[in-house]
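Student: Below you'll find the structure I mean.
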Amino acid sequence: MKAVGKFILLDASEFSSWLDMQIITRKISLVQQHHTYLPAYKTFKGNNHFELCKSMEQAHIERGFSEIAQTFTTFPDGKIMVCRNINQIPAGIKGANANGICIENVGNFDKGKDKMSVAQKDTIISITKTLLKKFNLQPSDQTVVYHHWYDLILGKRIKVEGTGNTKSCPGTNFFGGNKVEDFKKNFLPLL
Ligand SMILES: [Zn+2]
């Protein structure tokens, strides 16, 4: 564990005990999955976790947020950064923030872009499982959600894949795809 200001960098193995120490003051009922797109794997140098989070925060402030948007960031080496206080509502998905936790996974996981490392894959699975357990949530497409499933303008879940104003986040190749059916086939069984 290493802290610089509010940012706390954890090994994946430290996350569960860190979470157990937190006093939770809001209702949490879903975990959002995102990819950062930029920074992507080529921007990660193995030791610049704090610099990347500070530059993301700067970019988010320039977009009008009060601070960095996400609750947690995962990295290609499997480390986790605590970015926004868990009791603060994140700015991750319009329509899914009030009771949400926002996880930004560093990388561009669209098809043909970054190939997710095993370490990051393991961390994404373990952080998601740990959060679901902590908040007594059953793994499903209601408790773990991809940004792609929401209409960016309406702030509502799309009813039919391929409709609405959506973005590809967390990537068209995130655990084999960004659709609900991909999630059910590839990610849900790991939770
Ligand atoms: Zn996103």
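Student: Note down the magnitude of the dipole of region 132-177 about its Cα centre, charges +1 on Lys and Arg C-beta and -1 on Asp and Glu C-beta and zero elsewhere, to the nearest 20 debye.
Tutor: 180
Student: Sorted by mean Cβ packing within 10 Å, highest first, what order do the peptides 62-75, 17-30 take?
Tutor: 62-75, 17-30
Student: Tell me whether region 89-168 comes out rounded, prolate or oblate; compute the Cα gyration tensor, take square roots of the eigenvalues as a ≥ b ≥ c, and use a/c under 1.5 as the rounded threshold.
Tutor: Taking the square roots of the gyration eigenvalues as a ≥ b ≥ c, region 89-168 is oblate.
Student: Taking the Cα centre as origin and putting +1 on Lys and Arg beta-carbons and -1 on Asp and Glu beta-carbons, what dipole magnitude results for the chain, to the nearest 20 debye?
Tutor: Result for the chain is approximately 280 debye, rounded to the nearest 20.
Student: Excluding same-chain residues fewer than 8 positions from Lys113, which aspartates and glutamates have a Cα within less than 16 Å of its Cα?
Tutor: By straight Cα distance, Lys113 reaches no aspartates and glutamates at all.
Student: While we're looking at this one, here's another question. Roughly how many Å² is the accessible area per residue of region 2-190, as a whole number, for a 1.4 Å probe?
Tutor: Computed with neighbouring chains in place, this is 48 Å² per residue.
Student: Within the accessible area of the chain, what % is carbon and sulfur when the probe is 1.4 Å and the other protein chains stay in place?
Tutor: Ligands and nucleic acids excluded, carbon and sulfur reach 53 percent.
Student: Just name one of Ala40, Thr130, Thr143: the one whose Cα is farthest towards the positive end of the charge dipole of the chain (beta-carbon charges, Lys/Arg +1, Asp/Glu -1).
Tutor: Thr143
Student: Please tell me the relative contact order of region 27-145 in percent, rounded to the nearest whole number, where contacts are Cα pairs under 8 Å and at least six residues apart.
Tutor: That works out to 37 percent.
Student: Does region 2-190 come out rounded, prolate or oblate, given a ≥ b ≥ c as the square roots of the eigenvalues of its C-alpha gyration tensor, rounded meaning a/c under 1.5 and, failing that, prolate meaning a/b above b/c?
Tutor: The shape class here is rounded.
Student: For the pairs Lys133/Lys185; Lys121/Lys167; Lys45/Lys133; Lys134/Lys159; Lys6/Lys27; Lys129/Lys184, note any where the Cα-Cα span goes beyond 26 Å.
Tutor: Result: Lys45/Lys133; Lys134/Lys159 exceed 26 Å.
Student: Just the ratio, please: alpha-carbon radius of gyration of region 1-64 over 2.2 N^0.38 Å, N its number of residues.
Tutor: For region 1-64, the normalised Cα radius of gyration is 1.32.
Student: Oh, and also: At a 10 angstrom cut-off on C-beta neighbours, averaged per residue, how do the peptides 46-52, 127-133 rank from highest to lowest?
Tutor: Result, highest mean Cβ count within 10 Å first: 127-133, 46-52.
Student: For the chain, what does the helix formula give at 222 nm: sum of -39500 (n - 2.57) over DSSP H segments with n ≥ 4, over the residue count, nearest 500 deg cm²/dmol?
Tutor: -6000 deg cm²/dmol, from helical runs alone.
The values are calculated or read from the model by the stated rules, or taken from the named source; none is laboratory data. Just so it is clear, the structure is predicted and the values come from calculations on it, not from any experiment. Cβ: placed from backbone, ideal geometry, glycine included. Neighbour counts: every protein chain shown. For accessibility, only protein heavy atoms count, side chains too; no ligands or nucleic acids. Shrake-Rupley method; radii C 1.70, N 1.55, O 1.52, S 1.80 Å.
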